[in-house]
Amino acid sequence: MIRVVATGTFDILHPGHLHYLSESAALGDELYVIIARDKNVRHKPRPVVPEMQRLCMVDALKPVTKAVLGDMDDMFAPVRMIKPDIITLGYNQHFKTEDLARLLVQEGITAEVVRISEYATSPFTSSSMIVKEILARDRHNGIEPEDYTGR
């Protein structure tokens, strides 16, 4: 049985996420997804959607066997627990495949690292693109972000 792990923030779900998870699932028999903890997201803006809600949404997706939250202090702790054969990276995730492979060896984890291709058949394939579009449309319509307070 081949176990695959995918990781990510999965802030605002979009077709790019589904492509990443579907392609990851196709590489094995089980797909586990590690959801980034709110406090650990440092390489991009903090998630809009709270971690427990992101966990529930990803766990409900058809390609996913099980979704779990990442560890607060040790990013490799859930990987050690899951014991994957393959770890996938999305096309725009900040890790370099070779760097992650090297870190896994240092941690005593034996897993192949695979980069999943970009999903380019949809105009909104990143959470930040979706947020920017919402803000641009709101500004065009005279709505400011603070107008959402109390709605």
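Values quoted throughout were computed directly from the atomic coordinates according to the rules given, and no laboratory measurement underlies them. These figures come from a predicted structure and were not determined experimentally. Positions of Cβ are generated from backbone atoms using ideal geometry, with glycine treated the same way; all protein chains shown enter the neighbour counts.
Tabulated data for the structure shown
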| read-out | value |
| --- | --- |
| Average Cα contact separation per residue, the chain, under 8 Å, 6 or more apart, as relative contact order % | 27 percent |
| Cα shape, the stretch 3-120, gyration tensor, a/c 1.5 rule | rounded |
| DSSP-loop GluC sites (Glu not before Pro) across the stretch 43-151, with at most 16 other Cβ within 10 angstrom | 107, 118 |
| Angle between the chain longest axis and helix 97-106 axis [Cα atoms, degrees, rounded to 10] | 50 degrees |
| Computed FRET value (nearest 0.05) for residue 110 with residue 48, which takes r as the C-beta separation and R₀ as 22 Å | 0.05 |
| Theoretical gain in end-to-end length, residue 2 to residue 39 [0.36 nm per residue, Cα-Cα removed] | 10.2 nm |
| For a label point 7 Å along the Cα-to-beta-carbon line of residue 118, residues of the stretch 1-27 with backbone N under 18 Å | 14-21, 23 |
